[in-house]
Amino acid sequence: MDDIYLLKFGGNAIKGKEDLDRLSKEVAGLIKDGAKIIMVHGGGPEINAEMERIGLVPKKVAGLRITDDAVLEVAERVLRDINVQVVDAMVRANIDAVGLAGYDVASFERKKPYLVKENGEDVLVDLVNVGEVTDVDLGAIEDLLMKGVTPVIYPIGQDDRGHLNVNADSMASGIAAGIRCREMIQITDVPGILLDIDDSSSLQTLLTLAQVDGLIADGTISGGMIPKVEACRRALLAGVSKVRMVNGKDKKSIVSDVMQEGVEHGTVITK
Ligand SMILES: Nc1ncnc2c1ncn2[C@@H]1O[C@H](COP(=O)(O)OP(=O)(O)OP(=O)(O)O)[C@@H](O)[C@H]1O
Ligand SMILES: [Mg+2]
């Protein structure tokens with residue numbers, strides 16, 4: 001289907017009712033202009049806060065959360081709660097939205113222990129209950145979109161051993177790759193990829209995957225930005241026409257201008 005936009009946001013970019021209402025209004029505008037929208041949300045800061053409240057210590061490697069059984073329980077509970085709040089906000093903006101878990105619309109594979117580069121060093125990590133999308137139930141998603149329903153997906157998957165925590169960017173790219181949407185947009189808390197994260201004028205408006213590789217290798221891209229650019233890579237290689245990152249804090253527009261030709265904001269990554 002044409003004109004499918006997948007929007008992903010995290011809890012740093014969109015915080016609380018006011019932010020959610022603002023984003024929902026913009027999404028309602030896109031739908032009115034003919035777009036079909038799939039929403040995927042994360043909940044990193046909220047999961048951290050709840051973990052700390054009950055005495056667990058959040059641990060991440062290269063932006064991915066180490067998720068033992070106790071952490072999985074927290075992540076799932078918090079994400080479900082956020083999902084209800086997102087759907088409520090969308091409904092307030094007159095969007096016909098439905099909340100879904102990742103496992104309702106996709107299949108997953110548990111991540112095996114693997115080597116990552118952190119600050120230039122190889123580290124072997126076992127993320128435990130963490131998965132990635134392998135297949136998407138295209139029929140289920142297309143059915144909803146055809147009926148004018150907007151799916152709002154939280155990133156919990158499952159395999160035959162149980163539920164899996166999925167990085168929200170990875171969830172988004174798995175769905176985007178399966179559905180080959182027109183554009184995947186990651187709404188985050190920075191204007192895009194910056195050469196210096198303390199200087200917004202160092203924004204890179206257009207980058208190739210090869211340039212991104214260079215920025216990972218030299219440490220310019222780190223932490224939560226790593227799964228984000230890897231998500232862009234997966235989506236692009238699977239045939240998604242366009243991927244970009246925008247700032248959820250932008251007062252002018254978060255996503256309302258994305259259907260207008262020639263208007264660019266944020267960072268666009270190309271093959
Ligand atoms: N080169 C870079 N340019 C911009 N941001 C960067 C860069 N390198 C690292 N970052 C970090 O990546 C962060 C965005 O990723 P993060 O995972 O924190 O947010 P998110 O994915 O939007 O939210 P969530 O993880 O809750 O879904 C930025 O806030 C910034 O600190
Ligand atoms: Mg993140």
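The values are calculated or read from the model by the stated rules, or taken from the named source; none is laboratory data. Computed from a predicted structure; not experimentally measured. Every residue, glycine among them, receives a Cβ derived from its backbone with ideal geometry; neighbour counts consider all protein chains shown. Surface areas here come from the heavy atoms of the whole protein model, side chains and all, with no ligands, DNA or RNA. Shrake-Rupley method; radii C 1.70, N 1.55, O 1.52, S 1.80 Å.
Values computed for the structure shown
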{"item": "For the chain, radius of gyration divided by Kirkwood radius, i.e. Rg to Rh on alpha-carbons", "result": "0.94"}
{"item": "Förster radius 30 Å - calculated FRET efficiency between Glu109 and Asp88 (Cβ-Cβ, nearest 0.05)", "result": "0.40"}
{"item": "For the chain, accessible area per residue (1.4 Å probe, heavy atoms of protein chains only), Å²", "result": "45 Å²"}
{"item": "Cα centroid of segment 250-265 to Cα centroid of segment 37-108, whole Å", "result": "26 Å"}
{"item": "Calculated from backbone phi, Karplus (6.51, -1.76, 1.60) coupling profile of segment 85-98 in Hz, x at Gly/Pro", "result": "5, 5, 4, 4, 5, 5, 5, 4, 8, 6, 9, 7, 10, 10"}
{"item": "Whole-Hz couplings from phi, Karplus 6.51/-1.76/1.60, listed for segment 211-219; x for Gly and Pro", "result": "5, 4, 4, x, 6, 6, 4, 8, x"}
{"item": "FRET efficiency for Val61 and Lys249, using Cβ-Cβ distance with R0 set to 35 Å, rounded to 0.05", "result": "0.85"}
{"item": "Two-site label geometry, Asp122 and Ser241: point separation in nm, points 7 Å out along Cα→Cβ", "result": "4.1 nm"}
{"item": "Virtual spin-label span in nm between Arg77 and Ala210, 7 Å along Cα→Cβ", "result": "5.0 nm"}
{"item": "Top of Asn12, Asn94, Asn167 by mean-square fluctuation, Gaussian network on the chain, Cα under 10 Å", "result": "Asn94"}
{"item": "Segment 200-238-segment 145-164 distance, computed between alpha-carbon centres (Å)", "result": "26 Å"}
{"item": "Extension gain, Gln260 back to Ile197 (0.36 nm per residue minus Cα-Cα distance, nm)", "result": "19.9 nm"}
{"item": "Residue of Val166, Val255, Val91 that the Gaussian network model of the chain assigns the largest fluctuation, springs spanning Cα pairs under 10 Å", "result": "Val91"}
{"item": "Share of carbon and sulfur in the accessible heavy-atom surface of segment 96-242 [1.4 Å probe, %]", "result": "48 percent"}
{"item": "FRET efficiency, Asp69 to Arg233 (Cβ-Cβ, R0 25 Å, nearest 0.05)", "result": "0.25"}
{"item": "Length added when fully stretched, Asp96-Asp160, from 0.36 nm per residue minus Cα-Cα", "result": "19.8 nm"}
{"item": "³J(HN,Hα) computed for each position of segment 7-19 - Karplus, 6.51 cos²θ - 1.76 cosθ + 1.60, integer Hz, glycine/proline x", "result": "10, 10, 9, x, x, 7, 6, 10, 10, x, 4, 4, 4"}
{"item": "Size-normalised alpha-carbon gyration radius of segment 1-141, reference 2.2 N^0.38 Å", "result": "1.18"}
{"item": "Set of lysines with alpha-carbon distance to Lys249 below 22 Å, sequence-local pairs under 8 removed", "result": "Lys8, Lys15, Lys17, Lys25, Lys228"}
